[in-house]
1. Just checking the output field for B:311-322: average partner chain Cβ neighbours within 10 Å of each residue's Cβ?
2. Using only the Cα atoms of segment A:307-383, construct the convex hull and provide its projected area averaged over every direction, in square nanometres to one decimal.
3. Applying a 10 Å radius around every beta-carbon, put A:203-212, B:272-281 in order of their mean neighbour count, most first.
4. Can you give the net charge of the other residues whose Cβ lies under 12 Å from the Cβ of A:Met1, counting K and R as +1 and D and E as -1?
5. Taking K and R as +1 and D and E as -1, what net charge do the other residues with C-beta under 14 Å from the C-beta of A:Ile215 add up to?
6. Taking the rotation axis that maps chain A onto chain B, which residue of A brings its Cβ closest to that axis, and at what distance in whole Å?
7. Computed over the Cα atoms of segment A:244-306, what is the convex hull's projected area averaged over all directions, in nm²?
8. Hand me the tally of lysine pairs in segment B:171-399: alpha carbons under 19 angstrom apart, and the pair either on different chains or 8 or more positions apart.
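What follows draws every value from the coordinates through simple rules; no lab data is involved. Just so it is clear, the structure is predicted and the values come from calculations on it, not from any experiment. When we count neighbours, we look across all protein chains shown, and the Cβ atoms used for this are built from the backbone with ideal geometry, even at glycine.
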There are 2 protein chains.
Amino acid sequence: MPSITSIKTQDVRFPTSLELDGSDAVNVDPDYSAAYVVIRTDAGDEGHGFVFSCGRGNEILTAAIDAYARLLLGRDIDELIYDLGGASKLLIHDSQLRWLGPEKGVTQMACGALVSALWDIRARRENKPLWLLLSEMTPEELVSVVDFTHIRDALSPEEALDILRAGQAGKEERIAALKADGFPAYTTSPGWLGYSDEKLVRLSKEAAADGFSMIKLKVGGDINDDRRRMALAREAVGDLPIAIDANQRWEVSEAIEWVNQLAEFNPYWIEEPTSTDDILGHADIRKGVAPVRVATGEAVASRIIFKQLLQAGAIDVLQLDSTRVGGVSENIAILLLAAKFGVPVCPHAGGVGLCELVQHFSFFDYAVVGRSQENRMIEFVDHLHEHFAEPVRIVGGRYAAPVLPGTGAEMYAASRARWEFPDGAGWQEVGNRAAVTGASLAAAGTGR
Amino acid sequence: MPSITSIKTQDVRFPTSLELDGSDAVNVDPDYSAAYVVIRTDAGDEGHGFVFSCGRGNEILTAAIDAYARLLLGRDIDELIYDLGGASKLLIHDSQLRWLGPEKGVTQMACGALVSALWDIRARRENKPLWLLLSEMTPEELVSVVDFTHIRDALSPEEALDILRAGQAGKEERIAALKADGFPAYTTSPGWLGYSDEKLVRLSKEAAADGFSMIKLKVGGDINDDRRRMALAREAVGDLPIAIDANQRWEVSEAIEWVNQLAEFNPYWIEEPTSTDDILGHADIRKGVAPVRVATGEAVASRIIFKQLLQAGAIDVLQLDSTRVGGVSENIAILLLAAKFGVPVCPHAGGVGLCELVQHFSFFDYAVVGRSQENRMIEFVDHLHEHFAEPVRIVGGRYAAPVLPGTGAEMYAASRARWEFPDGAGWQEVGNRAAVTGASLAAAGTGR
């Protein structure tokens, strides 16, 4: 039998904190990073996966991937990739490792990287990009990959099957439309807190001219700054939707007050107004800031928390994240939950590689699950795409359909080697530059 | 200034899976383990802390403690231990590491071990056991150690201060009572799923004779087994309360049906009927199984989830866990939340060292916060106490007040060395025995 012969992890970090790309009210100095894994078999398969992180602690993720990798080494690859539901449960429900979550944080993200690397092998075997593989799978196989544990009160396997069967009608037309015209995008590039007003205005105008469906501004540092920046952005883009994002900065009542002070600028949604664990808090905030929509998801730990956000009527927009949860399989569960509750999915992206991964979920969602582009768009941030085997392509403010087989996770080996932390050549150079410019080594993630 | 000069971690595991101690419907084969840390200063301070785990993956926890330790090395110890709220925030809100939770799973537990090790140094400096240190602190200092982020809608600093100030009245009498008579305990020792009926009955009778306030049975494997075992236990202990514990095994509706099938045996509480992340599910279950109480907490990731369980009226009993959350500081927040909502705290214990740690919280709770022993008791399981510098003492079915300075975390260096994984002498011997008896090396946690 063909079996898994090696599972190798790499701690890859990019020194983005030196430029203040990605700065917000909570993530003040991220070094966009990937805890990267490659699974190889003696049949020549190669599957890539990673977890995105913000720098420090990326080595905890690689240690976690290594721990779960021991459960996969030596196993029959065909058994795993043709029973991806079983493969996922083997990892996520391991009787000893489960204590470390359960199903949240570092361990869930590590499982997700491995599960997604198995999906990568499956998609390469079938010579399809992930979104097309998923779109062409039978409803029965899709249901078989989903773990319904602790969500059955909101979504039964039978209901999931009904959603997916209904999604077969008109599927070929939607797939053709995706290949021809792609999927709407919005951009966060103008709105980082660390950018000057001039840069904010310039990038906002560029985003509108480029055809993006929306721009997004980080808020939550200082209300006067936020009002000034919102006014500038509104003037720059006219009627184009502007979302705002507080990155969990506020208490519940504070969120309501703050958003209401920005209401005159007509924000399209408020993202992460408070802790994403706070389901009841989000429900209160949604009532308090209507008609401004409430969005969250990039830090939501599992389908179980999403289930409750939907049950409680706490969100208007679900922001699925590709590497926060248990990989491709759990993201399918989350798409099905969103469809069941009729809430649009606008995935989180940015960081490193998240755009490359997450587009597949929106494409699949449109083809078979949610079946609409109305109020749907994928986040786009223009960072670090050049490191990927198939960088995202934005055409007229829309994501173009990815075509290479696989999940989109593959980062060039040369990029991984150059930015491997702490010994890659890139880090050697940055370490020197950081010393010259006086930038903090700790802030650059080298604070060992 | 006296500063932190070394922070050393150890991966300590005990091969408890060989005996099926600690077996339940989910944790079928735990190897009770501690990701152990010792903080040392150049002033001669030594602070101990650990995270409990079930074996595999304990090395992820030590890697996480190492990652956070870099934020503490070289710092002024006095600044940390006399501003433990600030020390806690320094770790938990680190701008890059925060992404890996936030505030949940591996990273939160790792922060907790370090925060608690700092508390251990503080308590040793003041020559008091933790519970007495806390009981004698001013309300103002106690409030200063609590992180109110994302719980202010349920508990403001002012309300916390009111609770603690009210707790000063009669405090000396309650402390004297704790020193004289200790605090009630219940025991889970009879009820592991892996035990025979004969052992269940024998241990249940012993527990009743020993004066424990309650016994607890693991359930959720098979309903017919559960009914038979409940009947046997009820016959063995008469009117003594019997709690049942499903370790998150069920879906919401399944929990309600299962518990109602055991209702005739009058269970005192049902513990962890479903995912502890499922706040709304717990609320539904509580309605569906009344008058049986609903209890949870050992897997609750943070004060933010506890806040919502209380706000939603989802639990009757709050089972604080000493190493699941952000250490002593976050557990103080949880005790205050429970007091605010009038819900009794019955801490989770067992595993390795959890009894030694958690007793301090119940003693402090009685002295100053909850101020009652009614419906309160601390879990007791008779495993592995001999490895601790101050093993718990049970007298007449009650925890006797700990007297040694510190948090109770200190495990003997000889025990740590013997059971260090995978190279300690104990593991060398067990590895051999496991090979002889055919016990799975993977199940014993050696599946590297």
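1. 1
2. Orientation-averaged projected area of the Cα hull: 4.8 nm².
3. Per-residue mean Cβ counts within 10 Å order the peptides as B:272-281, A:203-212.
4. It works out to a net charge of -3.
5. Cβ neighbours under 14 Å give a net charge of -1.
6. For the rotation taking chain A to chain B, the closest Cβ gives A:Gly105, 1.
7. 3.7
8. Close lysine pairs found across segment B:171-399: 8.
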